Ligand SMILES: *Cc1c(COP(=O)(O)O)cnc(C)c1O
């Protein structure tokens, strides 16, 4: 049997006619950049995220960069974030000239541990970027309380978590900004690169729109230096259609996660394989990934064994960001963030996409059981 980590073809075929029709409309209009399709998507995403405002941008990476730019964060400033995330979270901080400062993660949610944040705050700290990793929200109440106490901006990296909820609140509606990615493999993906920033404040939303178009406040009048962060209409057209199905996909992912839990319990594997845990505050985990932990240095061997048996797996992420070569001058060393460092050696994602079948999961768990018996 062949079980890919992700297969987007089934999803596409199930709504091909709708999407192609919508894309053709864009072609006929010959309006490719911003315009009515992008505005429509922005109001739909704002509503979906329970945020008052949304600005469509070029990618999730640029969503993070533009939020930092609007805040004027740059050289001499520090931004606190997690060392266990996709590179772009930290890349954005460095790209605007600021210094990333890491706080270790909590072993239950794999998200930034609020108890580790305050000790990292200095007079230079300007913002906190919590990441809602794998589709589960970070613990936002204590993060917001720390931010309020120290007058810091909070930028939620929700690139893996659109529709995820923290105590009943959608991510992207809690911090000052919420950043989202529509990269094809995200839960809501377009046919290329795309992203969005939600904002709670109207003035900041207006600045986001100015900054995404080279800081133009009027035609060829520039009050700021922004960039080209414009979302295109073809991607917005695809996303407006797909957004209608997002809840059904998230529910399918939750169902698939519950099925995995049942199968692992039935196979008696819980002692050897740690399943992802849902934190008490996480009221809607949308399972962009279903990540297990394999202890005793056996992760890579299990991954290879599954690959040899036609099962696609991935390691998100194999190296804690404070140990990356490109951040060497920040002085990070082994032992700085022990939870993140341990998890990078144990974590592994299993196929969980909405269209994956019960038979696929039965096969995956059967093969994991076979490996564990060896
Ligand atoms: C995917 C991702 C990004 C970047 O999004 P792109 O659209 O690929 O630029 C940023 N942060 C996290 C946590 C992500 O998973």
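From the square roots a ≥ b ≥ c of the eigenvalues of the alpha-carbon gyration tensor of the range 48-131, which class results: rounded (a/c under 1.5), prolate (a/b over b/c), or oblate? Since a/c reaches 1.5 but b/c is at least a/b, the shape of the range 48-131 is classed as oblate. Relative contact order, whole percent, for the chain stands at 22, derived from Cα pairs under 8 Å and 6 or more residues apart.
For the chain, set up a Gaussian network in which alpha carbons nearer than 10 Å are linked by springs, and say which option among 127, 233, 258 fluctuates the most. Most flexible of the set in this elastic network: 258. Note on the range 19-172: semi-axes of the ellipsoid equivalent to its C-alpha gyration tensor, largest first and rounded to whole Å, are 31, 18, 13. When only alpha carbons are used to place a centre, the range 94-146 and the range 147-165 end up 9 Å from one another.
Spatially, the range 339-370 and the range 215-243 are offset by 38 Å when compared through their Cα centroids. In the chain, helices alone account for a calculated mean residue ellipticity at 222 nm of -11500 deg cm²/dmol, with every DSSP H run of four or more residues adding -39,500 (n - 2.57).
Taken as Cα centroids, the range 285-301 and the range 61-76 sit 32 Å apart, rounded to the nearest whole angstrom. Taking a ≥ b ≥ c as the square roots of the Cα gyration tensor eigenvalues, the range 158-216 comes out oblate, since a/c reaches at least 1.5 and a/b does not exceed b/c. Most simply put, the chain has about 65% antiparallel DSSP beta bridges, counting only bridges with both residues inside it. Counting beta carbons within 10 Å around each of 287, 317 and listing the fewest first gives the order 317, 287. Take each peptide in 10-16, 74-80, count the other Cβ atoms within 10 Å of every residue, and average; sorted highest first, the result is 74-80, 10-16.
For the range 246-373, the alpha carbon convex hull comes to 141 Å³ per residue, rounded to a whole number. The ranking of 122, 82, 283 from fewest to most other beta carbons within 10 Å of each one's beta carbon is 122, 283, 82. Does the chain classify as rounded, prolate or oblate by the C-alpha gyration tensor (a ≥ b ≥ c root eigenvalues; a/c under 1.5 gives rounded; else a/b over b/c gives prolate, otherwise oblate)? Oblate shape, in that a/c is at least 1.5 and b/c is the bigger or equal ratio.
Peptides 164-172, 246-254 ranked from most to least packed by the mean count of surrounding Cβ atoms within 10 Å: 164-172, 246-254.
Packing order of peptides 330-339, 177-186, highest average first: 177-186, 330-339 (average count of other Cβ atoms within 10 Å over each peptide's residues).
Give me 33, 162 ranked fewest to most by other Cβ atoms within 10 Å of their Cβ, as a rough exposure proxy. Lowest to highest Cβ neighbour count: 33, 162.
Computed on the range 246-373, with alpha-carbon pairs under 8 angstrom and 6+ residues apart, the relative contact order is 36 percent.
No value in this document is a laboratory result; all are computed from the given coordinates. Because the structure is a prediction, the values reported are computed rather than measured. Note that we place each Cβ from the backbone using ideal geometry, even for glycine, and neighbour counts take in every protein chain shown.
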